[in-house]
1. Sort out which residues of the range 76-109 are at pLDDT 95 or above and at positive phi, and write them in order of number.
2. For the range 12-50, what are the residues that are among the acidic types (D, E) and more than 13 Å from ligand 2 (Cβ to nearest atom)?
3. Quick check on this structure: which one of L228, L203, L240 is crowded, with 19+ Cβ neighbours inside 10 Å and free of Cβ contacts under 8 Å to residues at least 60 places away in the same chain?
4. Out of A363, A294, A256, which single residue is modelled with pLDDT of 95 or more, assigned by TED's automatic domain parsing to the domain that holds S142 and more than 21 Å from R196 (Cα to Cα)?
5. Just to be sure, is S269 among the hydroxyl-bearing types (S, T, Y), assigned by TED's automatic domain parsing to the domain that holds L164, free of Cβ contacts under 8 Å to residues at least 12 places away in the same chain and over 23 Å from K155 (Cβ atoms)?
6. Out of the range 1-43, which residues are touching a Pro at 6+ places or on another chain (Cβ under 6 Å) and within 12 Å of ligand 1 (Cβ to nearest atom)?
7. Those residues that are out of contact with any Lys or Arg (no Cβ under 8 Å at 6 or more places or on another chain), within 16 Å of ligand 1 (Cβ to nearest atom) and closer than 26 Å to L47 by Cα, I need them from the range 314-332; list them, please.
Amino acid sequence: MRISALTLHNFRNYRRQELVFGPAVNVLAGQNGQGKTNVLESVFFLLTGKSPRIRQEKELVTWGEDTLYLSGDFTARERRLTVECVYREPRRAVRLNGAPCRRTSDYVGLINAVLFTPDDLDIVKRSPQERRRFIDFLICQSKPAHIGALNQYHKALKQKSALLRRGRDSGGETRALLRSWNEQLTAAGTRIISHRTEYAVKLQRECQAIFSLIFAADRRVDLTYFSLGRRLPAEEPPDLAAVFAERMEQEIEKKAVLVGPHRDDILISVDAKPAKVFASQGQQRALVLSLKLAEMELCRKEKGEYPLLLLDDVLSELDAARRGFLLEYIAAPGMQTLITMTEREESISGKNAVFYRIEEGRAWRE
Ligand SMILES: Nc1ncnc2c1ncn2[C@@H]1O[C@H](COP(=O)(O)OP(=O)(O)OP(=O)(O)O)[C@@H](O)[C@H]1O
Ligand SMILES: [Mg+2]
């Protein structure tokens, strides 16, 4: 999958900008605070409707303006696709080849992108929520049914949680309603667990292969999916209906939802030791990079093409050997990368790369 051109109007610090990309490595170089990350963010937002650094979409509109416009020309499986996005609070409108998209699922997943930012270290270092978000996003890109299951689950979860919080009725009505929400949570949750199990195994395989290339071949990476206290797929998946029924009285008493796959985690370990606690800073970085490249390889296997790779500030975090590995890796045929850096990395030149210099919300091709 490729992006050939991008237009930004009133997006962050870009007033009006057009960029034309090459099919291989595209470097966005410039000093701090000039607008390098903003370009990657605009591409990711255009393709997914999401950005990891915003709370509200209106943060993306240039200060003092009210409407942003983005347009990108892409190729995916030999189809040329133009995606346009107009955002004016509170509404985002997306067009695909000129036709309005009514639902996000009309365009998300057609063109895939893998974004790596320094904050992705949180996947290894921080709470289970980061790891769930990572794997769920990855599954949604290949399996639209996962989006439906997550939506259904979270809708029911919200209702169940509101019901428990109200908690005045100790009679039969609350229990009958709880049973009905639990049924919905069981149906959606069982699907979520099964998708996550499948993808944790696939991800582990890819991640192990890449980690061995970055580090010594004998280092072992394990991703163990824990769902309601069970290791999957080694153990039997949890029987959600039974667990929910068992915990019902306790949940009524505590006025809160106490169990479910919304609390699952993926334990990441290197040589059987939890990476969050024992891996060095550099190993954690290389681990996150392996996870992201694994996401990309998985996407390639499922879609038959590499997704766009958006790498933000990745080089500054790696030592010379790891930088060399990465630059070699992204030179693979069929892979297109947009990579930001503060200094022009000389080793990239001569590899068909396109260079943009970024300054105060403007980009020049060099
Ligand atoms: N909504 C907005 N309107 C106008 N400018 C904005 C908006 N949001 C952010 N900016 C500005 O965009 C600038 C560039 O941001 P960006 O994160 O792309 O920088 P960068 O080149 O990646 O820098 P660094 O090397 O530090 O990561 C910042 O100076 C910020 O103040
Ligand atoms: Mg940046």
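The values are calculated or read from the model by the stated rules, or taken from the named source; none is laboratory data. Because the structure is predicted, anything quoted here is derived from the model rather than measured. Cβ placement follows ideal geometry from the backbone for every residue including glycine, while neighbour counts extend to all protein chains displayed.
1. N97, G98, listed by residue number.
2. Taking the range 12-50 first, the residues among the acidic types (D, E) are 18, 41.
Scanning the range 12-50 gives a single hit, E18.
3. None of the others qualify; the one that does is L240.
4. Values: A363 fails: assigned by TED's automatic domain parsing to the domain that holds S142; A294 fails: more than 21 Å from R196 (Cα to Cα).
After applying the criteria, what remains is A256.
5. Working: among the hydroxyl-bearing types (S, T, Y): yes; assigned by TED's automatic domain parsing to the domain that holds L164: yes; free of Cβ contacts under 8 Å to residues at least 12 places away in the same chain: no; over 23 Å from K155 (Cβ atoms): yes.
Answer is no for this residue.
6. Those that are touching a Pro at 6+ places or on another chain (Cβ under 6 Å) and within 12 Å of ligand 1 (Cβ to nearest atom): none in the range 1-43.
7. Correct list: V314 only.
Quick grid of which residues meet (1) aromatic (F, W, Y); (2) more than 24 Å from L203 (Cα to Cα); (3) within 16 Å of ligand 2 (Cβ to nearest atom):
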site: E65; (1), (2), (3): no, yes, no
site: T75; (1), (2), (3): no, yes, no
site: C85; (1), (2), (3): no, yes, no
site: R92; (1), (2), (3): no, yes, no
site: R95; (1), (2), (3): no, yes, no
site: S105; (1), (2), (3): no, no, no
site: P118; (1), (2), (3): no, no, yes
site: K125; (1), (2), (3): no, no, no
